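We did not get these values from a lab; they are worked out from the coordinates using the rules stated. Computed from a predicted structure; not experimentally measured.
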Amino acid sequence: MNFVFKASRGSFEKFRHRTGIHCVTRHGEAASSDKAGAEKFVQEFRQIIEGGYIPQQVFNADETGLFWKKLPNKTYITKEEKALPGHKPMKDRVTLLLCSNASGDLKLKPLLVYHSDNPRVFKKNNVIKQKLPVMWRSNSKAWVTRQFFVEWVTKVFAPTVKEYLQKNNLPLKCLLLLDNAPAHPPNLNEYLEGEFDFVHVRYLPPNTTPLLHSMDQQVISNFKKLYTKALFKKCFDVRNDTNLTLKDFISTF
């Protein structure tokens with residue numbers, strides 16, 4: 001006689017909480033990662049760090065896309081409401097390059113790439129791009145190119161790190177960890193010769209980024225959550241303090 005187990009949703013939820021079982025999303029990139037290569041790199045990296053680096057001197061940088069106007073497509077409605085009015089998702093995207101050291105006390109000015117070099121809102125408000133808290137660059141696809149990346153490394157990363165190390169009386173040496181993205185030139189050290197030769201660049205092995213990339217360990221995801229939170233607060237403030245609709249406010253960006 002075959003026994004068929006049946007349980008109510010409530011019983012299953014109690015069992016799930018009691019046993020600690022939880023739901024996760026299996027990402028294809030992580031599933032295909034080279035675990036052996038990652039473990040080998042960890043051993044090599046440990047030797048490098050033991051050779052004379054402290055957390056303040058170890059940096060990691062990575063790019064990410066940000067749909068900066070996009071609002072969540074899920075929300076709560078009251079019992080009286082039958083449905084949520086439809087809206088067209090806003091897919092205007094920028095690419096950001098984020099970077100920080102392992103100690104977390106130095107967050108570098110990001111590189112931001114947009115499809116427009118001088119957006120309408122910049123013209124309207126006389127924005128001076130050189131004074132923005134990001135390095136602003138543009139191309140038709142809003143992608144980070146090698147030219148943009150090298151500019152950021154030589155004009156933002158290296159000078160800022162040098163000033164930081166000297167200010168904190170730390171040895172003038174740093175390690176920059178990168179993946180093998182097309183925008184990261186394999187000969188990056190050549191661009192750092194001379195004044196910035198204290199920067200040592202190390203590339204992660206192929207197919208190990210999801211396992212080893214520090215910025216992928218919820219740093220970028222937390223940044224996006226905080227950005228969305230700030231965007232929500234701004235939306236609430238506009239609705240409370242002005243006569244603008246949410247659609248009108250977003251369209252002014």
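For W143 and I54 in one chain, what is 0.36 nm times their gap in residues minus the Cα-Cα distance, to one decimal in nm?
Numbers: separation 89, 0.36 × 89 = 32.04 nm, distance 3.24 nm.
Extending this stretch completely gives an extra 28.8 nm.
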Quick check on the range 124-186: what are the equivalent-ellipsoid semi-axes from the Cα gyration tensor, as sqrt(5λ), descending, whole Å? 26, 20, 7
Based on alpha-carbon positions alone, could you give the equivalent ellipsoid semi-axes of the range 165-253 from the gyration tensor, as √(5λ), descending, whole Å? 40, 18, 14
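Looking at this model, which pairs from K107/K155; K70/K225; K40/K107; K70/K229; K123/K155 are more than 21 angstrom apart at the alpha-carbon?
Beyond 21 Å: K40/K107; K123/K155.
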